[in-house]
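Here the structure is laid out as structure tokens; the discussion comes afterwards.
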Amino acid sequence: MKPPSVNTLILITAGRCCRADVDARGEISGVWSQARRGGLNLAESVRLALGLGSPVSGRGVLVLTTEVWTQTLSLHRGQVSGLARAELEQALAFEAEPFSGLSALESVLGFCDSGARDGTASFWIVQLARGEREAVLRVVKEGGARLQGIAHPGAVPAPLGAVASGTAWRRIECWDGAWLLVLCEDGRSVQVKVVPSAPEPRDLPAHGTLERLNARENSPFTAEEVAWSLNDEVTLRSWFEKLARMPGEIPLIQAEAAAPPRHLPKQVGILLTAAVIVTSIAQALWLGREKQSLTNLQQEYARLQPLIETTNRESAKLKTELGEVQQKLKNLQRLIQQRGSVPELLRALAEHCPETIVFSQIKPERGVMNLSGIALEAMAVDEMSIVLSGALKPVGLVATPLEKKARQAQSNRGPWDFTIAVMPVEQATRNAPPLPTESDN
């Protein structure tokens, strides 16, 4: 559902507790952030965040936390057709129970439509233990505020960057291990998909602007992207501003429990009873066949057991020997490659290094040569990486900036301490390094 008008936004992640206040014009009037201590539960983390600014008495509070379980579920249209919202919520809770591990009777759930395809309806859902919701509600009430709901912080249905109206965009987000794909293929309607691990590039359309939020590690994308991280205070404030003007719907766990439906349709009860009977008969027949099959397998296993044990011992020995040979070969190949690439690297540095960059150290480490030094301009590090990549391409090497730290001695925050990684193209493609970080000493 569409979130209500709120006065205070609370963000709770594994490592941070944040708060943002919204004024009467819908603008962010203040942002506060503090590290979350280990062992602090959700309710106490909310209490900590509420105390970061002025008293919240009389304000509406929306809690956004990665501690809610989130997923997208697809059901056949026939399963949900004609169900009231409360009945649909109950049905989704039972569908989600095997995946979330949360009992449908002891948890609360929020959901919204996430698109339809080929006769199926997709729903983006969030789920939280009922006891945790009640604890958060008590903390908010103790502060004199009103809990407007609890939701997942991901998938704000709007682009984080500057995108022209009607332009397609897409974003990949990583929230404490949960990966979300946010797609707007026509520039208007937004679809959300929760995936169990980092998605492949083929999961996204080939057009439109690509954004990344917090997905610095294990990201499958290496180019043509705009990266955002909520560890940056400017980005955090911008993200809160997007939330304050949220144009679309999100799955929202209500502050108070909704009244359960008085009764389910009689047809559902009849179908469930028939399904139980048919399942019981089928299970009895299946168990009989499986019991006989298991007896035959046990006899065959007893006959083959000595041969299996002998084969396993020999296989383990050969596997160990093969691993040792492969490791020696890898070490030899890495040594040969590093020795052969050093002259080309030094030649490229001598020919292309600008006056605004000084290299102070070349340090080989696990097949990668890390070049460290100091630059007057942060952009010069990126440009030098591009120039080195072009110069080293004939010998199969590529240069990637890893880190830039500002010394804050000049108006442009420079000079900058930096590190550039030089590695084989195959290694860079197989295990792309994270985006370079810019930080202050």
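The values are calculated or read from the model by the stated rules, or taken from the named source; none is laboratory data. Please read all numbers here as calculations on a predicted model, not as lab measurements. Positions of Cβ are backbone-derived with ideal geometry, glycine not excepted, and every protein chain shown enters the neighbour counts.
Checking each residue of the range 241-250 against the condition of being under 30 Å from residue 24 (Cα atoms), modelled with pLDDT of 60 or more, among the acidic types (Asp, Glu) and assigned to a helix (DSSP H, G or I) gives at least one match. Of all residues in the range 109-136, none that is over 14 Å from residue 254 (Cα atoms) has its Cβ atom under 6 Å from the Cβ atom of a residue that is hydrophobic (A, V, I, L, M, F, W, C) and at pLDDT 95 or above, 6 or more apart or on another chain. Quick check: anything in the range 210-221 surrounded by 14 or more Cβ atoms within 10 Å (Cβ to Cβ), among the polar types (S, T, N, Q), at pLDDT 75 or above and within 18 Å of residue 64 (Cα to Cα)? No. Has the range 168-182 got any residue that is in a strand (DSSP E or B), touching a helix residue (DSSP H, G or I) at 6+ places or on another chain (Cβ under 8 Å), at pLDDT below 80 and not assigned by TED's automatic domain parsing to the domain that holds residue 114? For the range 168-182, residues in a strand (DSSP E or B), touching a helix residue (DSSP H, G or I) at 6+ places or on another chain (Cβ under 8 Å), at pLDDT below 80 and not assigned by TED's automatic domain parsing to the domain that holds residue 114: absent. Every residue in the range 381-404 that is surrounded by fewer than 19 Cβ atoms within 10 Å (Cβ to Cβ) and within 20 Å of residue 347 (Cβ to Cβ), please. Answer for the range 381-404, where residues must be surrounded by fewer than 19 Cβ atoms within 10 Å (Cβ to Cβ) and within 20 Å of residue 347 (Cβ to Cβ): 383, 386, 387, 389, 390, 391, 393, 394, 395, 396. The test for being in a strand (DSSP E or B) and at pLDDT below 90 does not hold for residue 155. Just checking, does the range 54-61 include any residue being at negative phi, free of Cβ contacts under 8 Å to residues at least 60 places away in the same chain and surrounded by fewer than 17 Cβ atoms within 10 Å (Cβ to Cβ)? Yes, the range 54-61 contains at least one residue that is at negative phi, free of Cβ contacts under 8 Å to residues at least 60 places away in the same chain and surrounded by fewer than 17 Cβ atoms within 10 Å (Cβ to Cβ). Among the residues in the range 386-408, are any part of a strand (DSSP E or B), acidic (Asp, Glu) and free of Cβ contacts under 8 Å to residues at least 24 places away in the same chain? Scanning the range 386-408 turns up no residue that is part of a strand (DSSP E or B), acidic (Asp, Glu) and free of Cβ contacts under 8 Å to residues at least 24 places away in the same chain.
Based on what the data block shows, is residue 391 of a type in the set (A, V, I, L, M) and modelled with pLDDT of 80 or more? Taking the combined requirement at face value, the residue satisfies it. Restricting the first member to the range 412-441 and to residues that are among the hydroxyl-bearing types (Ser, Thr, Tyr), and the second to residues that are at pLDDT 65 or above and in a strand (DSSP E or B), the beta-carbon pairs closer than 6 Å and six or more apart or on different chains are 419/370; 419/372; 419/402; 419/403; 437/403; 439/405. Condition test on residue 271, is it modelled with pLDDT of 80 or more and either of a type in the set (A, V, I, L, M, F, W, C) or surrounded by fewer than 15 Cβ atoms within 10 Å (Cβ to Cβ) (or both)? No, not satisfied.
Restricting attention to the range 353-400, the residues that are under 34 Å from the mean Cα position of the chain (by Cα) and not aliphatic (A, V, I, L, M) total 17.
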